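Derivation of every value follows stated rules applied to the coordinates shown; laboratory data play no part. Since this is a predicted model, take the numbers as computed values, not measurements. All Cβ positions, even for glycine, are placed from backbone atoms using ideal geometry, and neighbour counts span all protein chains on display.
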Amino acid sequence: MLTILYFASVRERVGRAAEELALPVGVADVAGLLRHLGQRGGAWEGLARIANLRCAVNQQMVALDSPIGDGDEVAFFPPVTGG
Amino acid sequence: MHVRIQEADFDVGSELTALRRADPRIGALASFVGLVRDVSGGSGVSEMHLEHYPGMTDKALAAIVGEALQRWSLLDVLVIHRVGRLLPTDQIVLVAVAAAHRAEAFSACAFIMDYLKTRAPFWKRELTPEGARWVEAREADDRAAERWQQPGG
């Protein structure tokens, strides 16, 4: 099972803050997960095309080609703007 | 080293006093306070909401402070970042760095702020007369963080 979190403008775009998802067959990295989510259509299709989309796996910021596995927490969000 | 994420305001004076009094080796204390402005991108800002990624935020800030502790000889570091609803003139963030001498304290304070602005999972949403909008990340912030990766940075 994956825990997927969406923050800020990305959360508003997909209309969801969090979900649990069984690790889809054939998905081995973040980019693969984005392709899988895009198959839902609608706002999900645009997720992978968000300019400067950022990702964290298990609360560490990583590149979109980073591997993911069962039990991981994956988060998608725009560039950060704190401080 | 202390990292706090909180909705409540903080008192800079008492925070800095507590930090410097804890260790008589401290000869320099540099601090930065970030504030909510009432204007952004040419629009008036009446209020701001700060969202974060609970769980990751503490880890990201601790990692940034940890890197500062490796780069410079520091005696203590305090980072307080507020979340939730904030109004113009409100305090958003405090970074305070204690060291024996000022050079380390100044550099580490700037480094922590530059990395916080590009690596800590906070997002600002501001309310303007045109409606609410997410604050866009600034390229200048990326460049400010990158300068610490140059030789001699």
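In a residue-by-residue description of region A:12-23, the property of being touching a Leu at 6+ places or on another chain (Cβ under 6 Å), among the hydrophobic types (A, V, I, L, M, F, W, C), surrounded by 14 or more Cβ atoms within 10 Å (Cβ to Cβ) and in contact (Cβ under 8 Å) with a residue 40 or more places away in the chain applies to at least one position. Given the structure, is A:ALA51 surrounded by fewer than 17 Cβ atoms within 10 Å (Cβ to Cβ), in contact with a helix residue (DSSP H, G or I) (Cβ under 6 Å, 6 or more places away or on another chain) and within 25 Å of B:ARG125 (Cα to Cα)? No.
Taking the criterion of being within 11 Å of chain A (Cβ to nearest Cβ) and either surrounded by fewer than 21 Cβ atoms within 10 Å (Cβ to Cβ) or farther than 12 Å from B:LEU61 by Cβ (or both), the residues of region B:74-84 that qualify are B:ARG82, B:VAL83. Counting residues in region B:135-151 that are surrounded by 17 or more Cβ atoms within 10 Å (Cβ to Cβ), more than 13 Å from the chain's Cα centre (by Cα) and away from chain A (no Cβ under 13 Å) gives zero. In region A:5-21, the condition of being outside any strand (DSSP E or B) and over 30 Å from B:VAL36 (Cβ atoms) is met by no residue.
Within region B:85-127, restricting attention to residues that are β-branched (Val, Ile, Thr) and crowded, with 17+ Cβ neighbours inside 10 Å, the residue that is farthest from the other protein chains (Cβ to nearest Cβ) is B:VAL97. Among residues of region B:135-146 that are within 23 Å of B:VAL45 (Cβ to Cβ), those with a Cβ under 6 angstrom from a residue that is in a loop (DSSP other than H, G, I, E, B), sequence gap 6+ or separate chain, pair up as B:VAL135/A:THR81; B:ALA137/A:PRO79; B:ALA137/A:THR81. Among what's in region B:64-73 and is within 14 Å of chain A (Cβ to nearest Cβ) and more than 14 Å from the chain's Cα centre (by Cα), pick the residue that is nearest to B:VAL3 (Cα to Cα). It comes out as B:GLY66.
Of the residues making up region B:35-60, those that are within 24 Å of A:GLU73 (Cα to Cα) and either touching a helix residue (DSSP H, G or I) at 6+ places or on another chain (Cβ under 7 Å) or of a type outside the set (A, V, I, L, M) (or both) are B:GLU51, B:HIS52, B:TYR53, B:PRO54, B:GLY55, B:THR57, B:ASP58, B:LYS59, B:ALA60. When we screen A:GLU20, A:GLU12, A:GLU45 for residues that are at the interface with chain B (Cβ under 10 Å from one of its Cβ atoms) and acidic (Asp, Glu), the only hit is A:GLU12.
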